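Take a look at the structure below.
The values are calculated or read from the model by the stated rules, or taken from the named source; none is laboratory data. This is a predicted model, so every value here is computed, not measured. Note that we place each Cβ from the backbone using ideal geometry, even for glycine, and neighbour counts take in every protein chain shown. Calculation scope for accessible area: heavy atoms of the full protein, side chains included, ligands and nucleic acids excluded. Shrake-Rupley method; radii C 1.70, N 1.55, O 1.52, S 1.80 Å.
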Amino acid sequence: MTSGSIIEQITDYAHRADPYPLYEELREIPVRLLDDGTYVVSTYYEVRSLANDPRLSNDTRNRPAGFARTGHADDTNLPPSFIFTDPPVHDRLRDTINRPFGPPHSPRFIEDLRGELARVVTELLDAFEGKDQVDIVDDFAYPLPVTAICKVLGVPREDESRFHVWADALASAQDPQAGEAGQAKGQQAREELGGYLSDLIESKRRHPGTGMLSALAPDMTPADLEATAVLLLVAGHETTVNAITNTTLTLLRHPDVLERFLKEPDLAVPIVEEVLRYEPPVQFVPWTTAIADIDIAGTTIPKGSPVWLMLAAANRDPKRFEDPDRFDPDRKDNEHLGFYTGIHYCFGAPLARMELHLAVPELFRRVKFSRLLEDPPPYRANAVLRGPRHLPVAIESLTA
């Protein structure tokens, strides 16, 4: 099979439910050159090395002409969000944004959300009462992260429902296979969200309140703050929805692990980490570019070449993880790439982990499931942010 045909299959929806055999084949050549000049890197040590290499740029403005500049805000008059910048701009923006978000400046910011998010989990599960089947995505995994990110930003609760629609469209536009229609839909959502955030940021400047928008308004330009808020919505919502759903699906597919989990709730942490390796919500990073020649794995990636880093393939590399296709919460030294690595390590990882640690144990403590109603379930079209679009399950009972 040619390199191009493997990538075409990986991005083809027909393989969304199980791309891992294709990743195994991809790893046979750690660094592959596609016909269009893109280099695809799929093995753990090579992906990790490049993700930490300053010669690999996240700034999509470095892309050669003719290549998609995924995630960029060309038509909105906004600067790139910090994930699509390089040092020193990236470091300045990320350091500024981190001040109200976490240590050392705001060590309790995430922890102080725990009580409210726990109440949201309880309310969502209470709504299962009287039902014999639910959709884990629509009824549970989808509402929680949008509440969390709106709390982080300081968005009024009554406006949260609007963020669901925007998050869907923006996340879909990150897919290299989105096409003109998907990109246009994402662009429209970004413009609508941008207009909403512009008004909200101005309101926060005049009347500061809780949340990051108020805290950052004095230190960032409105354009930079708006771009950051858009990024946090996509990165903080879609990926966490997928992580919660993938964890639920994986446990239901592994009843032996689930039975043990019900008796040992402390397994929540290693289960979450193993799912982030085994079924990562971000499958690959398709927007990096070499800004100098890079020699790796016997191949020279020339300056100016687009590079895809295949995180999900690297997470199942047998040279790094023993028996990598086995779901094993007892796995030691589980230094997965589920939240990426290097300077672009997931900014929202602490929040995502807290949501997972709240949602997953409570879901399985309170709900006795009888079976999956569809396996495999229908998946989202997006090959990058991979997860089920629906996860219908039958339930036997709900406890208090």
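Return the total of residues in region 149-184 being among the aromatic types (Phe, Trp, Tyr) and open to solvent by less than 10 Å² (accessible area, probe 1.4 Å).
Of the residues in that region, 1 qualify.
If Glu226 satisfies every condition in (1) surrounded by 21 or more Cβ atoms within 10 Å (Cβ to Cβ); (2) farther than 17 Å from Ser81 by Cβ; (3) of a type in the set (Asp, Glu) but one, which is the exception?
(2)
Restricting to region 364-392, count the residues that are closer than 28 Å to Phe284 by Cβ and in contact (Cβ under 8 Å) with a residue 60 or more places away in the chain.
18
Filter region 269-292 for residues that are among the hydroxyl-bearing types (Ser, Thr, Tyr) and either part of a helix (DSSP H, G or I) or out of contact with any helix residue (DSSP H, G or I) (no Cβ under 6 Å at 6 or more places or on another chain) (or both); which is farthest from Tyr379 (Cα to Cα)?
Ranking the qualifying residues of region 269-292, first place goes to Thr288.
Go through the residues of region 220-227 one by one and say whether even a single one is in a helix (DSSP H, G or I) and of a type in the set (Val, Ile, Thr).
no
Taking into account only those residues within region 96-118 that are of a type in the set (D, E, K, R) and within 21 Å of the chain's Cα centre (by Cα), which is surrounded by the most Cβ atoms within 10 Å (Cβ to Cβ)?
Filtering first and then ranking leaves Arg114.
Within region 92-118, can you find the residues that are among the aromatic types (Phe, Trp, Tyr) and in a loop (DSSP other than H, G, I, E, B)?
Phe109
Could we say that Val257 is under 15 Å from the mean Cα position of the chain (by Cα) and assigned to a helix (DSSP H, G or I) here?
no
Could you tell me which of the residues Val134, Val146, Val121 is outside any helix (DSSP H, G or I), open to solvent by less than 40 Å² (accessible area, probe 1.4 Å) and under 28 Å from Ala394 (Cα atoms)?
Answer to the check: Val134.
In region 185-203, how many residues are at pLDDT below 85, open to solvent by 30 Å² or more (accessible area, probe 1.4 Å) and not acidic (Asp, Glu)?
2
So if I check each of Glu238, Glu191, which one is in contact with a strand residue (DSSP E or B) (Cβ under 7 Å, 6 or more places away or on another chain) and either within 30 Å of Gly4 (Cβ to Cβ) or assigned to a helix (DSSP H, G or I) (or both)?
Step by step, each of Glu238, Glu191 is checked, and only Glu238 is in contact with a strand residue (DSSP E or B) (Cβ under 7 Å, 6 or more places away or on another chain) and either within 30 Å of Gly4 (Cβ to Cβ) or assigned to a helix (DSSP H, G or I) (or both).
Residue-by-condition table, conditions (1) small (Gly, Ala, Ser); (2) more than 14 Å from the chain's Cα centre (by Cα):
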{"residue": "Ala313", "(1), (2)": "yes, yes"}
{"residue": "Pro324", "(1), (2)": "no, yes"}
{"residue": "Pro329", "(1), (2)": "no, yes"}
{"residue": "Leu356", "(1), (2)": "no, no"}
{"residue": "Arg365", "(1), (2)": "no, yes"}
{"residue": "Pro377", "(1), (2)": "no, yes"}
{"residue": "Ala400", "(1), (2)": "yes, yes"}
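Restricting attention to region 309-317, does a residue exist that is of a type in the set (Lys, Arg) and over 20 Å from Ile7 (Cβ atoms)?
no
Restricting to region 297-306, give me the number of residues that are surrounded by fewer than 21 Cβ atoms within 10 Å (Cβ to Cβ) and closer than 27 Å to Leu276 by Cβ.
1
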